[in-house]
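The values are calculated or read from the model by the stated rules, or taken from the named source; none is laboratory data. No experiment lies behind these values; they were computed from the predicted model shown. All Cβ positions, glycine included, derive from the backbone under ideal geometry; neighbour counts span all protein chains shown. These area figures cover heavy atoms from the full protein model, side chains too; ligands, DNA and RNA do not enter into them. Shrake-Rupley method; radii C 1.70, N 1.55, O 1.52, S 1.80 Å.
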Amino acid sequence: MLYNKKIILGITGGIAAYKCAHLVRLLIKQGAQVKVILTPAAAEFITPQTLSVLSKSEVIVDFFDANFNWNNHVHLAEWADLMVIAPLTANTLAKMATGLCDNVLMATYLSSKSKCLVAPAMDLDMYQHPSVKHNLEILQKNGNLIIPAETGELASGLIGEGRMAEPENIVTFINDFLKRGLPLNGKTALVNAGPTYEAIDPVRFIGNRSSGKMGMAIAEALAAKGAEVILVLGPSHEKIKNPSVKIINVESSDQMYEAMLSNYTGMDIVVCSAAVADYKPANVSDKKIKKQKEGLSLELIKTKDILTELGKQKKKQCLVGFALETENLLGYAKDKLKTKNLDIIIANSAGEKGAGFTVDTNKITIIDKHNKISNFELKSKQEVADDIIAYLIDFIK
Ligand code: CTP
């Protein structure tokens with residue numbers, strides 16, 4: 001969920017500040033863009049240099065830093081999708097509760113319209129103090145979200161509540177918050193994409209021109225709507241951008257079959273966009289086949305039809321297939337919808353200009369099991385994926 005999200009991480013002056021190096025790494029790893037603001041006290045606990053390297057961005061501490069324009073806090077506030085303040089000390093908490101503005105972090109917080117998540121960190125009695133509790137209530141009332149402090153050994157040696165939530169738990173909290181209200185929150189999805197390679201010998205194979213772009217765009221569109229996505233990917237040169245999509249790399253149709261079937265149970269949505277080979281060599285030579293004097297004949301046998309098998313085993317899944325045709329598009333697509341026991345089929349014509357395997361655009365017709373037919377314009381594969389997922393969300397409602 002953090003992919004491409006713009007986050008301001010405010011760090012205040014508590015010992016838990018050292019854990020923020022790890023927190024920044026986790027956020028960056030999940031694809032977020034992070035800008036760090038330190039309070040002057042926080043800079044005593046962790047260096048701006050460390051955080052700058054990890055966040056791949058300049059770290060701001062002081063209004064009067066040489067390269068900080070005094071009104072940049074306004075731009076920062078506008079830039080961010082989300083603010084996270086961790087650790088939150090009693091001092092900054094009190095400032096947030098009263099609107100006191102004496103550093104860049106507070107100026108940015110007060111200028112920001114985005115949600116702010118805070119992870120308090122204090123010693124035992126401090127965390128229990130009525131003023132602290134009162135200020136936390138004010139923060140909550142003002143629309144901020146509190147990431148509860150954890151229980152354990154505190155810096156003083158005392159044991160109890162007050163430790164900053166572990167960075168992993170902060171990231172989970174942020175992810176859960178970002179997923180709230182998304183239409184596919186709590187849903188699981190399985191997608192396949194790309195070509196398959198059917199081995200002839202150790203150096204040769206039968207393959208096809210599928211790039212995998214359409215299926216990858218679908219996986220990313222599902223993840224953006226809150227689904228947990230597994231992508232079974234044939235040999236593709238493309239890279240998926242959203243790190244939250246779990247990828248299982250396969251090569252042959254047999255490997256793709258295994259990966260799809262073993263992950264099928266319990267899935268809510270399954271989209272088969274892969275260009276699975278229909279035939280494979282009957283025998284795979286374990287040595288490179290030497291050049292023959294005459295021509296060479298290969299015996300081919302049928303591969304397993306993954307989608308047909310998924311259709312047979314279907315329980316609660318919404319099963320979506322593709323039909324790539326060069327003629328009789330709607331007729332063949334309707335046949336596949338029925339014979340493969342699908343809920344939705346995406347028909348696209350290989351002959352159409354701008355549609356097909358290697359290009360970045362596609363033109364589709366969606367047919368569902370109620371025989372509703374919807375035509376779409378030629379669009380980028382990302383936009384086509386968004387159309388498919390919007391249709392699917394409506395369909396499963
Ligand atoms: N498919 C599959 N396993 C196969 C072949 C196809 O799962 N061995 C799936 C594709 O991923 C696609 C759908 O079946 O979602 C239709 O694929 P397509 O190539 O259009 O049709 P085929 O069923 O292979 O039939 P034909 O090639 O005769 O059109």
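Looking only at residues in region 333-361 that are touching a residue at least 12 places away in the same chain (Cβ under 8 Å) and part of a helix (DSSP H, G or I), which one is nearest to K379 (Cα to Cα)? The residue in question is A333. Of the candidates K315, K336, the single residue that is open to solvent by 40 Å² or more (accessible area, probe 1.4 Å), of a type in the set (K, R), near the ligand (Cβ under 8 Å from one of its atoms) and within 24 Å of D254 (Cα to Cα) is K336. Scan A189, A199 and give me the residue that is part of a strand (DSSP E or B), open to solvent by 10 Å² or more (accessible area, probe 1.4 Å) and in contact (Cβ under 8 Å) with a residue 40 or more places away in the chain. Checking each option against the conditions leaves just A199. Reported count of residues in region 204-253, each being open to solvent by less than 20 Å² (accessible area, probe 1.4 Å), more than 26 Å from L298 (Cα to Cα) and part of a loop (DSSP other than H, G, I, E, B), is 5. Identification of strands (runs of 3 or more DSSP E) wholly contained in region 254-328 with 1 or more residues that are more than 23 Å from the chain's Cα centre (by Cα) and more than 20 Å from G212 (Cβ to Cβ) yields 279-281, 300-302. For L145, the conditions (1) of a type in the set (A, V, I, L, M); (2) open to solvent by 10 Å² or more (accessible area, probe 1.4 Å); (3) over 23 Å from T92 (Cα atoms) are fulfilled apart from (3). Evaluating K133 against the criteria (1) in a helix (DSSP H, G or I); (2) touching a residue at least 24 places away in the same chain (Cβ under 8 Å) leaves one unmet condition, (2).
For region 93-106, which residues satisfy the criterion of being open to solvent by less than 10 Å² (accessible area, probe 1.4 Å) and either in contact with a Phe, Trp or Tyr (Cβ under 9 Å, 6 or more places away or on another chain) or of a type in the set (G, A, S) (or both)?
If the condition is that a residue be open to solvent by less than 10 Å² (accessible area, probe 1.4 Å) and either in contact with a Phe, Trp or Tyr (Cβ under 9 Å, 6 or more places away or on another chain) or of a type in the set (G, A, S) (or both), then M96, V104 are the ones that fit.
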